[in-house]
Amino acid sequence: MALVERFPEHEQVIFCHDPESGLRAIIALHDTTLGPALGGCRMRPYGSVEEALQDVLRLAEGMTYKCAAADLDFGGGKAVILGDPRTDKSPELFRALGRFVAGLGGRFYTGTDMGTYPEDFVHAAKECPYIVGLPEAYGGSGDSSVPTAYGVVMGIKATAKRLWGSDDLSGRTFAVQGLGKVGFKVVERLWDEGAAKVYVTDVQPEALDRIAQRASARGAELEIVDGAAIYDVPCDVFVPCAIGGILNDETIPRLQCRAVVGAANNQLLEDRHGDELARRGILYAPDYVVNAGGLIQVADELYGYSRERVMKKTEAIYDMVLAIYRRADAEGLSTHEAARRLVAERIARRRRISSIFIPGVAPKWRLR
Ligand SMILES: NC(=O)C1=CN([C@@H]2O[C@H](COP(=O)(O)OP(=O)(O)OC[C@H]3O[C@@H](n4cnc5c(N)ncnc54)[C@H](O)[C@@H]3O)[C@@H](O)[C@H]2O)C=CC1
Ligand SMILES: O=C(O)CCC(=O)C(=O)O
């Protein structure tokens, strides 16, 4: 299929290559109706440029929905760097990325995602003013995974309320996939909420050691399971906090949970997998609704950061998730489809008011 047919809905896609630093990256801007695109930058050892392209296109689209669901004045965009975050990072690589982002003149703001940390973007920020989520010592709001993890737990509590009539998580069991910046914090919060047991998995042994140490320090119930076995664990809620596409034809029939609520972007391999979960009676909290905490934080930086405001807005994820469940029930839709309609309506409403003429904007050709 011709490349251009692969992103019929995206506004702009930029392939970035800097041989000096070794940077190979792709930036995708999906929709800027609500405002400039905002989305993190992922670093992964992609198997091919095709794979990276597929990822960034889906991630950028998800950001459009995430911004709309969180009622933020930003559009959807994302960047991916092709490389191994453990071996291929350098200051020059991130400076080169910063120059490509600067070249977009404010159409795209970026910061951390999977495989990248606030410290990486200190280098990018030397070349570019459109960087968010810098460490606090550099004037940023710091680790955005803190509100992300909080929002995920708000989504889990709303889901518990819907399923069991109470958002008390004590005595409940969870299976968490991925123990990185977000997953680790989610597990800690679940223990704080009284979780009976948390099953975990990660592809990095160090991540498993870290959580095992934390569990023994707290005297908390933890069981480490092997890679793909996480899909087979009987539990109340499955919490994906690693890669996307993990809800698919192979995994859904194996799930033994009542709900899926997690941080990972693009959990559904295809939209139809949202319907499949509904058909099997598994309640799915759309990923871009529950994982908006980090986005809410970095967006807030652009208005003069207030941590209190960020946590308050993130707490509202609870009400948003319940509103989506109500709409799904009322209209006989999957939760995925209910969320999609809600955000499409928000974007359409805003598109209409942006047709109002603003005199301050200079015409392209001088009027006589
Ligand atoms: N950091 C943030 O604030 C936000 C993150 N997200 C999404 O949440 C997910 C996790 O993000 P972070 O925690 O920031 O990433 P991270 O890079 O800090 O952690 C990801 C963890 O998942 C593990 N992992 C990778 N593949 C795996 C697999 N197949 N099975 C089990 N574990 C695996 C990695 O070893 C790592 O420990 C990503 O999908 C990201 O896009 C979404 C919104 C905001
Ligand atoms: O969390 C961030 O730092 C940026 C937001 C983002 O990229 C995301 O929500 O996926």
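The values are calculated or read from the model by the stated rules, or taken from the named source; none is laboratory data. Quick caveat: nothing in here was measured; it's all calculated off a predicted structure. Glycine gets a Cβ as well: all are built from the backbone with ideal geometry, and neighbour counts include every protein chain shown. The area values use the complete protein model at the heavy-atom level, side chains included, leaving out ligands, DNA and RNA. Shrake-Rupley method; radii C 1.70, N 1.55, O 1.52, S 1.80 Å.
Once you have a ≥ b ≥ c as the square roots of the Cα gyration tensor eigenvalues for the stretch 73-144, tell me rounded if a/c is under 1.5, and otherwise prolate or oblate according to whether a/b is larger than b/c. The shape class here is rounded. Surface exposure of the chain, expressed per residue as accessible area with a 1.4 Å probe, stands at 45 Å².
Considering only protein heavy atoms, with the full assembly of protein chains and a 1.4 angstrom probe, order LYS157, LYS89 by accessible area, largest first.
On the way: LYS157 30, LYS89 60 Å².
From most exposed to least exposed: LYS89, LYS157.
Projecting the Cα positions of ILE296, GLY180, VAL152 onto the charge dipole of the stretch 145-341 (unit charges on Cβ atoms of Lys, Arg, Asp and Glu, taken about the Cα centre) puts ILE296 furthest along the positive direction.
Seen against the Cα atoms of the chain and their longest principal axis, helix 335-353 is set at about 20 degrees.
Within the accessible area of the chain, the carbon and sulfur atoms contribute 50%, probe 1.4 Å, all protein chains present. In the frame of its principal axes, the stretch 145-341 has Cα extents of 46, 46, 29 Å, reported largest first.
When nucleic acids and ligands are ignored and a 1.4 Å probe is applied, MET154 ends up with an accessible area of around 20 Å².
Surface calculation, 1.4 Å probe, protein heavy atoms: ASP71 sits at approximately 110 Å² accessible. Placing +1 on each Lys and Arg Cβ and -1 on each Asp and Glu Cβ, with no other charges, gives the stretch 78-132 a dipole about its Cα centre of roughly 200 debye. The longest part of the chain holding none of the exposed loop chymotrypsin sites (Phe, Trp or Tyr not before Pro), meaning those outside H, G, I, E and B in DSSP with at most 10 other Cβ atoms within 10 Å, is 1-302. Write down the percent of antiparallel bridges among all DSSP beta bridges whose residues are both part of the chain, to the nearest 5. Of the beta bridges lying entirely in the chain, close to 30 percent run antiparallel. Look at the dipole of the chain built from charges on Cβ: of VAL200, CYS16, ALA328, the Cα furthest out on the positive end belongs to ALA328. State whether the stretch 3-138 is rounded, prolate or oblate according to the following rule on the C-alpha gyration tensor (a ≥ b ≥ c being the square roots of its eigenvalues): a/c under 1.5 gives rounded; otherwise a/b larger than b/c gives prolate, and the remaining case gives oblate. Since a/c reaches 1.5 but b/c is at least a/b, the shape of the stretch 3-138 is classed as oblate. Heavy-atom accessible surface of SER334, to the nearest 10 Å², is about 10 Å², with a 1.4 Å probe and all protein chains retained.
Full extension of the chain between ASP329 and ARG214 yields a length gain of 37.4 nm, computed as 0.36 nm times the residue separation minus the alpha carbon distance.
Counting only Cβ charges, +1 for Lys and Arg and -1 for Asp and Glu, the dipole size of the chain around its Cα centre is about 1300 debye. Given the pairs LYS126/LYS185; LYS66/LYS197; LYS126/LYS181; LYS157/LYS185, which are separated by over 22 angstrom at their Cα positions? Exceeds cut-off: LYS126/LYS185; LYS66/LYS197; LYS126/LYS181. Here is the tail figure for the chain: Cα pairs spaced more than 32 Å apart come to 31 percent of all pairs.
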